[in-house]
Structures are given as C-alpha cells and as structure tokens.
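Presented below is the structure to which this report refers.
Bear in mind these aren't lab numbers, they're just calculated from the coordinates by the rules spelled out. Since the model is a prediction, treat every value here as computed from it, not as a measurement. When we count neighbours, we look across all protein chains shown, and the Cβ atoms used for this are built from the backbone with ideal geometry, even at glycine.
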Amino acid sequence: MTKNEIADILSEIATLLELQGENPFKIRAYQSGARALEAIEAGELARLIAAEELKSVKGIGDALAQKITELCQTGRLEYFDKLKASVAPGLVEMLQIPGMGPKKVRALHDKLGIADIAALTTACQDGRVAELAGFGEKTQEKILAGIKNREAYGKRHLWWEAAAVAEPIVEGLRRLPQVQRAAAAGSLRRGLETVGDLDFIVAATDVAPVVAWFVALPGVKEVTAQGETKASVRFEGGLQADLRIVPDAQFVFALHHFTGSKDHNVQMRQRALARGLSLSEWGLVPAEGEGTAREKAEKQKGASVPPAAPGDEAALFAALGLHFVPPELREGLDEIEQAERGALPRLIEAGDLRGAFHNHTTASDGGNTLLEMTAAAEALGWDYLGIADHSKASFQANGLNEERLARQIEEIHALNASKRFKVHVFTGTECDILSDGRLDFDADVLRPLDYVVASVHNALTQDEDTMTARLIRAIEDPCTTMLGHATGRLLLRREGYRVDLGRVIDAAIAHGVIIELNASPWRLDLDWRHWRRAAERGLLCAINPDAHETSGLQHVRAGLNSARKAGLTRESVLNTRSLADVRSYFAARKA
C-alpha cells in the first residue's frame, strides 16, 4: 500500500469514528496522522518502518505507528474492517449528499433515528429536519436538493471511473484467442464527461467462450442478459456493460453505430441515403431492393459495393465522401460539414502537452510533497510543472499565508538551482477570489510569482450579476494570469454557480487572461461546449489537472478528452508550448 492510500484509510477511520460520536481527541489523532503521513517522502516511509522509527514523526504515536505498519506490510487493517462493519452503510451513504458532514449525519441519526437516505428524504418532506437545532429551513431545502441531484446523477458515472473499468476489459477481450478485434464504444469512446453505460464491440467467430468470459468478469454483481452474441452485466458500482459480438466484416459498422452519438448517426444515415445507400450497424448497402439492412449486408459479403468490409472507420467515412471524424467530435454539430470540406482541425493530442500549472502539494491540501510532485512530472516526460497551492482564505485547505508562500517560492528557486530534476518548476498560487472580486493576496505578494490562478471557493450562491461582476473584477486585476474552474461545478454532485459566461469570456479575451480547462474528472470546467467559439476568438486555454497528489497529474487525460471535443488544437493551449516559450509568455504577462 502506498502512503497516500494508507493516509486515505486513516481519514476514513476518523470519519467513521465521528459518525459514532467518538472522543474528538481520538478523531483528531487519525486526522493528524493522515496529514503527517502525506508529508513524508514516499521512500522514507519504508525506511522508518524498517528502522521502527515511525513514531518519531510528529503526529504519529505508538498506536498509529502499529496500524500504519500493519497496512503497509499486509494491505489490511483488522481494526478498520471491524469499524466499517459496525457503522450502518446508510450513514456513510448520506455523506455523499453535498453539505452533509459526519456531525450532521450523526445528529440526524441520534435525534431522529435516520439511518439511510430514504428516511432522510421523508424527514425533510415532513419538516422534521428543519425543526432540529443547527439545521433550519434552508438546510432542509439544501439537503432535499442534494438528494434530488444525487438521484438524477446516479444513473451516470464519471468518464474517468468508467474508463478505469472499461480499459482492462478491452485489453482482456483482445487477448482472447477467439477475438479478432475489440473496442469500447458509446459515450466513453466519444470522451463525454459522464457515461451512462459501457458498450463493447467484438469481432469473433467462436462466440460462446467470449460471452462466458465476459459474464464471469471480476466485480460483476448481476448478469442481466445473456444470449448467443450479446450479454449485459452490472458491476458492483452500478455501472452496466453491454457486449455485442459481430462477424469481422461488420465490426467497423457496429463500432461506428454504437459509438454514436444518435444525432451524428442520423446525419450519417441521411448522407448515405442521398447516395442511394443505407447505413446501419450491419453494413453499407444499396437503399433499394428487397430485404432488411441486415439481410442485404449478408448478401453483399465479398461483393464490390462500397464498402463491403472496410478495414477501419476512415474507409467508412471515405465511402461517403468524408474525411475521418474523430470519435470525440461525433455529437451531431457541424462535424459532417467540416469533414466534407476537409476543414476538421488537427486535434490536440496527449503527446502535445509539455506540463501543467494548477497543482498542489502538502504545503496546502495536497497529498505529496514538492519533490514527489516534481519527480512524478519528470516521470511523465514533462518539461515543466507549476505549483499553485491555495491562498490563506481557503483555510479549510490549509491555504498559505504571505510568509509561507514566500518560503515556498524560495524552496522552488532552490530546487531549480540544484538541477536535481530536468523538470523546471514554476512558482504560482491558486489565489482565492474574495466575495467582492478582490484577490486574496496584495499585488506586492503576487508579483514575485511566475503566474497566478484566480479561483472562487466560497460564496457560491451569489446571484448571477454579482458573481459575474466578481469574476470580471478578478480578471481585470493585472496580477491574474488565468481563471481557475470558471463555473465551480462538480460533476454528478452540484451545478456550477450562476454566472454570465459570455461576459466572463469577453473580459478574459480583452485582458489577455487564460481560462483553464480544469482536467479534474470531477470538474472538467470550463465545459467543452463553451470552448470552440471562445478559442476561435483568441481565448487561450491551459489544461490543468488540479492535481492534489502525484497520480492526479494524469488527470490531464480527462482534460484532453474535453479539449478534443471542443475541437481545440495545440495552438490554443498554453501548456503545449516549450519551456522557453512559456517563460517568455509569463515574463511578458508580468511586464
């Protein structure tokens, strides 16, 4: 187990103890232990355990040292397992409702006997929650809204989480001797920010072993359908997956059809009909004549009608007089017209990224140190990394005050001067935009930094005019380099705050301020639907992972999905530029 995984378990223990109403000192001991563990260098933990020196770390006593050692060496902790079993699952589930912390959940349980979300819903509808001390009408309304959103969003899953399930399945399918080709389709392949279910398309002749392998996958909770060439399963997390097995000659047609979107497919079918052809999941066949599309496709095997069995989707698009349309652009917008004119952009690719700017360390609320984050960036082959820990107004995130920020700047300069890493580290801050639009730090504090990410973290319920004016004032501040997570949304949890994005984008373009595409899988903010026209007007993007640990740097992959869906090219994104060019950009911006 990694130190961050162990720290997560310690934090979860603290939450479970708080749900049980345990001694506050005991709860804080686990919280402190988690923070202390995060601050330790990765390789140092193993050395401290081997030398039996773990309890010498401030915040880790004898009992915690024993538990951390057990987790590190065995991957399990008996105390944790028993504690989880002693807490009703419904109480933990209630924590998923925005604004519901352990104290509120415990109060509802102790005073009203509420043990799950269903009982909480009834109590809110009856007005009993509003009558409790510390709650009131507004809190009751927020809880009901949170429950409603959870139900609405519960049918979908984050792309990042769905991809983690899908990718090993595709790899496993391709390794089966019976399988000729296999791919994931649907909204996952199109890079949509949330996914309803998974679709797998497989070309195979001996189908029974493939179906048997699929329904026996680890984590399958229920087999909802099983036939000769189709199967559907539901995983423990609620995600459904559908398998379709077709002959190799139909694979490309099935992959295109089940990738979608529906609107894209309608336009493609209309284009085929205009050429006297019928396009379906079965093939591309003459539109006239007897028989269904499937029957016609069977008859056309081996014939010269274009194309009987294209080798890939590029050939399918070419058969309809189109350049290849990348899956991310298949949303039924104007991709067909662009593909006909040969005007599709060369979309940004993973290899274009040279670094990222919005990242956190243990100095604020990150899980890894400056050295660990830098080493991880170097392992990814990046040329530069920006550190933007929280400013002091984000007290809940251990935001840095002026003195701590000054020390961090010195630490980063010393690290760069040491030449320990090839990666250059830029100095930055995620500076809170206060409720009136002022930045959390004065200009003389911000000027020594290479860049400033200005973000909203509080007063999210301001009306649209107030929030819009607030963001524009921050954009107009000469110290602001880029605007962070522009709408504050959390996918499947809460909508963004009310803001006139058109005016905000206009202000950013006018003042030369970047708007980030926050690549955290829970944000993907600014939404891809706003980016195309903004980029055409000259708005510069930065794809930032908002990484709070080393693994979070890889979230740029989710941001790339959104950037590609927006039709962004490398020229529209700051962090595709070389180190020298980024240095010049920041220097010019400061000047």
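One table, with the values for the structure above:
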| read-out | value |
| --- | --- |
| Positive-pole candidate from THR139, GLY552, PRO177, dipole of the chain, charges at beta carbon | PRO177 |
| Kyte-Doolittle mean at least 0.5, axial Cα span of 20 Å or more - DSSP H helices of the chain | 3-19 |
| Paramagnetic reach from SER584 (point 7 Å along Cα→Cβ, amide N under 20 Å) across the stretch 383-405 | 383-385 |
| Considering only the chain, percent of DSSP beta bridges that pair antiparallel, nearest 5 | 45 |
| Inter-probe distance in nm under a simple model that places probes 7 Å from Cα toward Cβ, at ALA216 and ASP263 | 4.4 |
| Charged-residue dipole, Cβ positions (Lys, Arg, Asp, Glu), the chain about Cα centre, Debye nearest 20 | 500 |
| At 1.002 mPa s and 20 °C, Stokes D of the stretch 123-183 from Kirkwood alpha-carbon radius, µm² per second | 141 |
| Dimensionless Rg over Rh [the stretch 433-500; C-alpha; Kirkwood] | 0.99 |
| Shape parameters for the stretch 157-246, alpha-carbon atoms, Rg then Dmax in Å | 12.1, 35 |
| GLU12-ARG234 pseudo-label distance in nm [points 7 Å out on the Cα-to-Cβ vector] | 2.3 |
| Theoretical FRET efficiency, 1/(1+(r/R0)^6), r = Cβ-Cβ of ILE509 and GLU5, R0 45 Å, to 0.05 | 0.60 |
| Diffusion coefficient, µm² s⁻¹, Stokes-Einstein with Kirkwood Rh over alpha-carbon pairs of the stretch 350-590 at 20 °C and 1.002 mPa s | 122 |
| Scaled radius of gyration (Cα, divided by 2.2 N^0.38 Å) that the stretch 33-124 gives | 1.47 |
| Two-site label geometry, LYS111 and THR224: point separation in nm, points 7 Å out along Cα→Cβ | 4.0 |
| Estimated 222 nm signal from helices in the chain, with DSSP H stretches of n ≥ 4 weighted -39500 (n - 2.57), rounded to 500 | -13500 deg cm²/dmol |
| Sparse-neighbourhood loop sites, GluC sites (Glu not before Pro) in the stretch 237-290 - DSSP loop, at most 10 other Cβ within 10 angstrom | GLU288, GLU290 |
| Net lengthening on full extension, LYS138/THR74 (0.36 nm per residue, minus Cα-Cα) | 18.4 nm |
| Space enclosed by the convex hull of the alpha-carbon atoms of the chain, per residue, Å³ | 188 |
